[in-house]
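In what follows, a structure is listed as structure tokens, so that the remarks can point back to it.
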Amino acid sequence: MSNDTVKLTAEARTQFGKGAARKIRRDHKIPAVMYGHGAEPVHITLPGHDAMMALKNPNALLTIVLDGDEQMALAKDVQRDPIKPVIEHVDLVIVRKGEKVVVDVPVHVEGEAGPETVVTVDHSTLQVEAEATNLPESVTVSVEGLEAGTQILAGAVELPAGATLVTDAEALVVNITQQISEEALEAELAEAEAEAGIEHEESDAETAEGAEGAAAEGEAAEGDAETSENA
């Protein structure tokens, strides 16, 4: 759990649209909107570098300072550029001290499962409810020494004190299966290709080998014929 807040000094935003947003980002700031608790949405800009550093931590509790007033908020939605390391827009939801909120918490898997096993994470996050000022940064699932066939459900994941599970308790979080051999994998692939009607063309090497084999067989047959004639 973390009680730390990151203080960001915001500025009121009066210009809107794509052009205004691009200008804000050129000035190394981030357009944002803050809403919640029945208040009218407030359009603001955040300091680019400080906001990006703060938002590296999911569910970071922020203290937004606007015109001297402070307001606690959580990032509800962070829109990032698909290519560049740039945040394009942030939706902030206002929270109060002692208020409980529902957030997505990352699942971290630690340890090494049994030999010849494969560990698959089916849920990379879990929804939990906790106090806004005491949100878990992550939950940890240990797979140390677990054998193939083991399944860890959401209800079995240990949560920090004060947090309650919102995700379905029967949801599969981690699945440990037997590692498939290379031969079995090739057999499955061949079977799947056969069912799909996929045929592979012979490579040049295979064609050459086939031709050499046919020539050798022909020479052997001629030799047998000559032997029969001489006899």
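The values are calculated or read from the model by the stated rules, or taken from the named source; none is laboratory data. Everything quoted here is computed from the prediction, not taken from an experiment. When we count neighbours, we look across all protein chains shown, and the Cβ atoms used for this are built from the backbone with ideal geometry, even at glycine. Heavy atoms of the whole protein, side chains included, go into the accessibility calculation; ligands, DNA and RNA do not. Shrake-Rupley method; radii C 1.70, N 1.55, O 1.52, S 1.80 Å.
Brief remarks follow.
- Considering residues of segment 165-187 that are open to solvent by 80 Å² or more (accessible area, probe 1.4 Å) and not in a helix (DSSP H, G or I) only, the residue farthest from residue 111 (Cα to Cα): 168
- Those residues of segment 127-153 which are closer than 23 Å to residue 117 by Cα and over 17 Å from the mean Cα position of the chain (by Cα), in sequence order: 142, 143, 144, 145, 146, 147, 148, 149, 150, 151, 152, 153
- Residue list for segment 126-181, restricted to those being touching a helix residue (DSSP H, G or I) at 6+ places or on another chain (Cβ under 8 Å) and of a type in the set (Asp, Glu): 168, 170
- For segment 154-164, the candidate set comprises residues that are of a type in the set (Gly, Ala, Ser) and over 29 Å from residue 7 (Cα atoms); within that set, the residue that is surrounded by the most Cβ atoms within 10 Å (Cβ to Cβ) is 154.
- Residue match in segment 143-156 (condition: under 30 Å from residue 177 (Cβ atoms) and touching a residue at least 60 places away in the same chain (Cβ under 8 Å)): no
- On inspection, residue 189 passes the criterion of being free of Cβ contacts under 8 Å to residues at least 40 places away in the same chain and of a type outside the set (Gly, Ala, Ser).
- Annotation note: Cβ proximity below 8 Å between a residue of segment 1-15 that is under 12 Å from residue 66 (Cβ atoms) and open to solvent by less than 60 Å² (accessible area, probe 1.4 Å) and a residue that is at pLDDT below 90 and β-branched (Val, Ile, Thr) (sequence gap 6+ or interchain) occurs for 13/24.
- Just one residue in the set 76, 84 is assigned to a strand (DSSP E or B) and basic (Lys, Arg); that residue is 76.
- Number of positions in segment 66-93 that are of a type in the set (S, T, N, Q) and either open to solvent by less than 50 Å² (accessible area, probe 1.4 Å) or closer than 24 Å to residue 154 by Cβ (or both): 1
- With respect to the stated conditions, residue 151 is out of contact with any Pro (no Cβ under 8 Å at 6 or more places or on another chain), of a type in the set (S, T, N, Q) and at pLDDT 95 or above.
- Just one of (1) at pLDDT 90 or above; (2) on the phi < 0 side of the Ramachandran plot fails for residue 182. It is (1).
- Looking across segment 54-65, the residues that are under 18 Å from the mean Cα position of the chain (by Cα) and open to solvent by less than 60 Å² (accessible area, probe 1.4 Å) come down to 55, 57, 58, 59.
- Selection count, segment 67-103, where residues are within 18 Å of residue 127 (Cα to Cα) and more than 25 Å from the chain's Cα centre (by Cα): 3
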